1. Below 8 Å between Cα atoms, with a sequence gap of 6+, how large is the relative contact order for region 149-281 in percent?
2. For region 6-129, max minus min Cα coordinate along each principal axis, in Å, sorted largest first?
3. Accessible area per residue, 1.4 Å probe, Å², for region 5-78: what's the number?
4. Which trypsin sites (Lys or Arg not before Pro) from region 160-212 combine a DSSP loop assignment with at most 15 other Cβ atoms within 10 Å?
5. Order the peptides 105-114, 33-42, 221-230, 128-137 from the highest to the lowest mean number of other Cβ atoms within 10 Å of their residues.
6. Using label points projected 7 Å from each Cα along Cα→Cβ, tell me how many nm separate Ser92 and Lys21, to one decimal.
7. Over 25 Å between Cα atoms: which of Lys158/Lys262; Lys151/Lys271; Lys58/Lys151 fall into that group?
8. Nearest 20 debye, what's the magnitude of the dipole of region 5-78 about its Cα centre given +1 on Lys and Arg Cβ and -1 on Asp and Glu Cβ?
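The values are calculated or read from the model by the stated rules, or taken from the named source; none is laboratory data. Just so it is clear, the model here is predicted, and its values are computed rather than measured. Quick reminder, even Gly has a Cβ in these numbers, built from the backbone with ideal geometry, and neighbours come from all protein chains shown. Each accessible area value is taken on the protein alone, full model and side chains, heavy atoms only, with ligands, DNA and RNA left out. Shrake-Rupley method; radii C 1.70, N 1.55, O 1.52, S 1.80 Å.
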Amino acid sequence: MTQNTLRKIQSMYPRLSDKEKKIADFVLENPDHIIQNTINGVAEQLHVADATVFRFCKRLGFKGYQAMKIALAQEAIAPLKQIHEEIQEGDSEETITSKIFKSNIQTLENTENILEAQSLESAVDLLHTASEVYFFGTGGSMIIAMDAYHKFVRTGVKCYSFIDSHFQLMAASQMKPTDVAVIVSHSGKNRDTLNIARVVHESGAKIVAITGFPKSNLAQIAEVSLFTSSEETEYRSEALSSRIAQLSLIDALYVNIMVLRKDTSTDAMKKVRHAILNTRI
């Protein structure tokens, strides 16, 4: 594990089951106790099975409880600092702005921490070999999908995106097994988005999901899922906070494809620049 174990637990927390959250709370509050205790002792104290604690360790990416103990011992065992601070009504404009920037930075770091290299590689491979790529999203996620199209049209990849959800459904119905759909939804359970995902699935095309919840319906139907991690505050919903992470994942996919398709992407980029040249004064 290269990232701080406690921070990874915090970033994954919203996506954990109730039993996993019980273990997570214990680890976050008592890291020293974990180092000095056995898996049996922790399980007994929390009234859960040894296997539940073991699965929690595996969920974090460790081979087992002992590996997590070693990682915690090697890290500086200190109270985890809450980088994101709640915005107060009396905060100045400068203070609010600073807190927003810190919150966005934390969201990006948390998302990077839970990003699985294998999933990223699989997503890039699907996009690189696809005949056509479609970007889908509804509501606020539609803006992310349109941004993805705005980028990917420069790669030479044949791609599409539509604002209207009915247009998206119609486009999804025309997809082929050699096509790929990138579907963005923070919750992964929006009804319109799931209808689009169902139609894509029925067409035989592959789905790359960008969502905040591994157990969501969207994540379950997708061939590959890339997850974001963000925190909800009084003034910003978790979904709103996740936008910066979603955009960054799109950027990562875009640059990877640009590198893989260097010759064709360079030509496509020149055509785009030439086409919009006369729009500038």
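1. 24 percent.
2. 50, 50, 28
3. Each residue of region 5-78 exposes 51 Å² on average to a 1.4 Å probe.
4. Answer in residue order: Lys189.
5. Numbers: 105-114: 18.9, 33-42: 15.4, 221-230: 23.5, 128-137: 21.8.
By packing density, highest mean first, the sequence is 221-230, 128-137, 105-114, 33-42.
6. 3.8 nm
7. Too far apart for the 25 Å limit: Lys58/Lys151.
8. 380 debye
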